[in-house]
Amino acid sequence: MVDERVLEELHASVEGDTGFVRDLIDAYLVDSAEQLEAIEAALRAEDAEALVRPAHTLKSSSATVGAMDVSALARTLEVAGRSGSLGDLEARRAAEALPGVMDTTEPALRAWIAGAEGR
Amino acid sequence: MTNSSIALVVDDSRVNRLVLVRQLATLGLEAMEAENGIEALDLMRAHPGVFDVVLLDVLMPGLDGYDTLEAMKADDAIRHVPVLIVSGVEELDSVVRCIELGATDYLMKPINHRILQARISASLAAKRLRDLELEYLEQQRTLTETIERQKTELSRFISPQISALISSAEGERMLSGHRRQITVAFCDLRGFTTFAEQADPEELLGVLGEYHRMIGEAIVAHGGTLEHFAGDGVMVFFNDPIPQDDHVERAVRMAVEMRDRFAALAASWRKRGYELGFGVGIAVGYATLGRIGFEGRYDYGAIGNVVILASRLSSQASADQILLSQRAAGMVEEIVDVESVGELQIKGLSRPVSASNVLVLR
């Protein structure tokens, strides 16, 4: 769900500033919720072009905070958006899976923070 | 790494921007953010020279990394800012394209802190070098401009040959003194002292101005080096600082042109009641040439018997005479008709010298 090595590396790269990582994860959760809404709206409207931008950003941000499963799903949607193939099986499965995966990613991220703050 | 370095972070993801800005802060860099290429270009153009490095995401909505790079490279004000491409693993092809478009280097996401540090250091060093180069070029340009202006100004005060000599590589050697065979021509006016006593100052300066203008044009036309003006007296020499194989011939041709043109001037002055005549003395021989004078006022001058001889010949010349020393006459006999004026007693020389007057150019 969450690649802790990415979070550890990130943590180290900001001189162990746990407060920064916590704020960053908060920002990620806010932004990714917005991106999910935009993705769902684009899918409902079957607007491939409108799908690309939020999917791309979500893919990228998620990878930064170690949310690799979310990143992978967002990537599938970005590719589908670029190729205009929203109806592909893979794209539909990714769209269906995304909200649930995001829901389980959030507590994993918070748990990592709690652990880091306890260290 | 200096604390004053400023980076521009261009990424569509706020999370990515936050991370990069924070990581750059650990390296002592301040950072500004842009969400896409358009914002980035606007910022750079609004603050030219401010950004030391740009961290550029490739795939962005709006203006993407490629277009941003191309726009930067086409803009002289921002083309030299180093660009680090920030790229995902699956975008390696795009990295190659960015480097081809002029990006400095790339960073792979997720960003390794030590690689970031190394790349930023290298980019800032390159930028500093580039800034130093620009600064140096600017100084160079200002210096060249100043020197050119000084040369132009200098050539108004002294002979162009001598102003060129001063600015040349061999200038110091020439100025510090050398011996060379030269031809010296002295010219002055007959009746000038009387005229100067009688004429109004304006009239005096007016006549002198017309005379000097004519003299000056003839000197330039024949490539003479003007040594000095003293009232109506003018000393010109040839074959230095620029060598001239035909230096005697040049001096004679110059003198003949002056005499012809003087006749026209004298006719107009005569109508105004002034009787003025023109005489020239020309001699050839070795002289010592170089910087003569004292700290604060130097002239480029010639010293030697040849100078004295030419000067004395000029004093002995009556109106419209161009007196040549025997040696000078011998060197131009093929181009002029001369008449002997016999032997002249010259003050300062023990023996009388024979001299000839130039009648006409053949």
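Stretch B:Ala221-B:Lys151 to full length: gain in nm at 0.36 nm per residue minus the Cα-Cα span?
Working: separation 70, 0.36 × 70 = 25.20 nm, distance 2.05 nm.
Extra length available between B:Ala221 and B:Lys151 comes to 23.2 nm.
Please give the helix A:48-64 orientation as an angle from the longest Cα principal axis of chain A, in degrees from 0 to 90, rounded to the nearest 10.
The two axes meet at around 20 degrees.
B:Asn305 to B:Asp42: extension gain in nm, 0.36 nm per residue of separation minus the Cα-Cα distance?
Details: separation 263, 0.36 × 263 = 94.68 nm, distance 7.59 nm.
This chain segment gains 87.1 nm when fully extended.
Which whole-Hz ³J(HN,Hα) couplings does region B:345-355 yield from phi under the Karplus relation 6.51 cos²θ - 1.76 cosθ + 1.60, θ = phi - 60°, glycine and proline marked x?
3J(HN,Hα) across region B:345-355, in whole Hz: 7, 10, 4, x, 10, 5, 9, x, 10, 8, 9.
Helix-only estimate, please: 222 nm mean residue ellipticity of chain A, summing -39500 (n - 2.57) across DSSP H runs of length 4 or more and dividing by its residues, to the nearest 500. Don't skip to the end; give the middle numbers.
Values: 5 runs with 100 residues, N = 119.
Result for chain A: -29000 deg cm²/dmol, rounded to the nearest 500.
Which FRET efficiency value, to the nearest 0.05, is calculated for B:Arg97 and B:Arg141 with the Förster distance at 56 angstrom and r the Cβ-Cβ distance?
On the way: r = 36 Å, r/R0 = 0.64.
That gives a FRET efficiency of 0.95.
Compute the long axis of helix B:113-157 from its Cα atoms, compare it with the longest principal axis of the Cα atoms of chain B, and write down the angle in degrees, 0 to 90, nearest 10.
The angle comes out near 20 degrees.
Given points 7 Å out from each Cα along the Cα-Cβ axis, report the B:Leu132 to B:Glu333 separation in nanometres with one decimal.
If labels sit at B:Leu132 and B:Glu333, their model points lie 7.0 nm apart.
Under a plain spin-label model, where a point goes 7 Å from the Cα along Cα-to-Cβ, how far apart in nm are B:Ala164 and A:Glu90?
Here the modelled spin labels are 7.8 nm apart.
Hey, can you grab everything whose amide H is under 5 Å from the amide H of B:Ser354? Only 5+ residues off in sequence or another chain; H modelled, so Pro and N-termini drop out.
B:Gln326, B:Leu344
Among B:Leu27, B:Leu8, rank each residue by its count of other Cβ atoms within 10 Å, from fewest to most, as a rough exposure measure.
B:Leu27, B:Leu8
Using the Cα atoms as the points, what is the convex hull volume per residue of region B:41-140 in Å³?
Working: hull volume 9.8 nm³, N = 100.
So the per-residue hull volume is 98 Å³.
For B:Lys109, list the lysines whose Cα falls under 29 Å from its own Cα; do not include residues on the same chain fewer than 8 positions away.
Straight-line reach from B:Lys109, under 29 Å: A:Lys59, B:Lys73, B:Lys127.
Using all C-alpha to C-alpha distances in chain B, build P(r) with 20 Å bins and read off the rounded percent in each one.
Per 20 Å bin, starting at zero, the Cα-Cα P(r) for chain B comes out as 24, 28, 13, 22, 13, 0 percent.
What are the ³J(HN,Hα) couplings of region B:67-79, residue after residue, when phi is run through the Karplus curve with 6.51, -1.76, 1.60 and θ = phi - 60°? Round to Hz, x for glycine and proline.
5, 5, 4, 4, 5, 5, 5, 8, 10, 4, 6, 10, 5
Name the residue, out of B:Phe238, B:Phe294, B:Phe195, whose mean-square fluctuation peaks in a Gaussian network model built on chain B with Cα pairs under 10 Å.
Sorting by GNM fluctuation, first place goes to B:Phe294.
Could you put B:Phe51, B:Phe262, B:Phe237 in order, starting from the residue whose Cβ has the fewest other Cβ atoms within 10 Å? Before the final figure, lay out each step's value.
Numbers: B:Phe51 20, B:Phe262 24, B:Phe237 28.
Ordered from fewest to most neighbouring Cβ atoms within 10 Å, B:Phe51, B:Phe262, B:Phe237 come out as B:Phe51, B:Phe262, B:Phe237.
So how tilted is helix B:37-46 from the main axis of chain B? Cα-based, degrees 0 to 90, rounded to 10.
The two axes meet at around 40 degrees.
Per residue of chain B, what 222 nm ellipticity follows from adding -39500 (n - 2.57) for every DSSP H run with n ≥ 4, rounded to the nearest 500? Working shown, then result.
Details: 12 runs with 170 residues, N = 362.
One gets -15000 deg cm²/dmol as the mean residue ellipticity at 222 nm.
What residues qualify as long-range amide H neighbours of B:Leu63, i.e. H under 5 Å apart, gap of 5 or more or another chain, H built at 1.01 Å from N?
Here the answer is B:Gly37, B:Ile38, since their amide H atoms fall under 5 Å of that of B:Leu63.
Among B:Tyr274, B:Tyr106, B:Tyr300, B:Tyr136, rank each residue by its count of other Cβ atoms within 10 Å, from fewest to most, as a rough exposure measure.
On the way: B:Tyr274 18, B:Tyr106 21, B:Tyr300 25, B:Tyr136 10.
Final ranking by Cβ density, sparse to dense: B:Tyr136, B:Tyr274, B:Tyr106, B:Tyr300.
Once you have the Cα-Cα distance between B:Ser340 and B:Arg270, take 0.36 nm times their residue separation minus that, and quote the gain in nm to one decimal. Please list the in-between numbers first.
Working: separation 70, 0.36 × 70 = 25.20 nm, distance 2.92 nm.
Full extension of this stretch gives 22.3 nm more.
Rounded, prolate or oblate, given the Cα gyration tensor of chain A, with a/c below 1.5 counting as rounded? Provide the component values of the computation, followed by the final result.
Working: a/c = 2.53, a/b = 2.43, b/c = 1.04.
It is prolate, given that a/c is not under 1.5 and a/b is the larger ratio.
What list of ³J(HN,Hα) values in whole Hz, one per residue of region B:295-310 in order, does the Karplus curve 6.51 cos²θ - 1.76 cosθ + 1.60 (θ = phi - 60°) give from phi, with Gly and Pro shown as x?
3, x, 8, 10, 10, 8, x, 10, 10, x, 4, 4, 5, 4, 4, 4
Between B:Glu203 and A:Asp23, what is the label-to-label distance in nm when each label sits 7 Å out along the Cα-to-Cβ direction?
9.3
Could you tell me the convex hull volume per residue, in Å³, taken over the Cα atoms of region B:186-334? The partial results should precede the final answer.
Details: hull volume 17.7 nm³, N = 149.
Once divided by residue count, the hull of region B:186-334 is 119 Å³.
May I ask for log10 I(q)/I(0) of the protein assembly as shown at q = 0.14 Å⁻¹, from a Debye sum over the Cα atoms as equal point scatterers with solvent left out?
Taking Cα atoms of the protein assembly as shown as identical point scatterers yields -1.22.
Is the shape of region A:48-117 best called rounded, prolate or oblate, per the rule: a/c under 1.5 gives rounded, else a/b larger than b/c gives prolate, else oblate, with a ≥ b ≥ c the square roots of the Cα gyration tensor eigenvalues?
Details: a/c = 3.62, a/b = 2.16, b/c = 1.68.
Prolate.
Every number in this text was worked out from the coordinates using simple rules, so none of it is lab data. Just so it is clear, the model here is predicted, and its values are computed rather than measured. Using ideal geometry, Cβ is built from the backbone for each residue, glycine included, and neighbour counts are taken over all protein chains shown.
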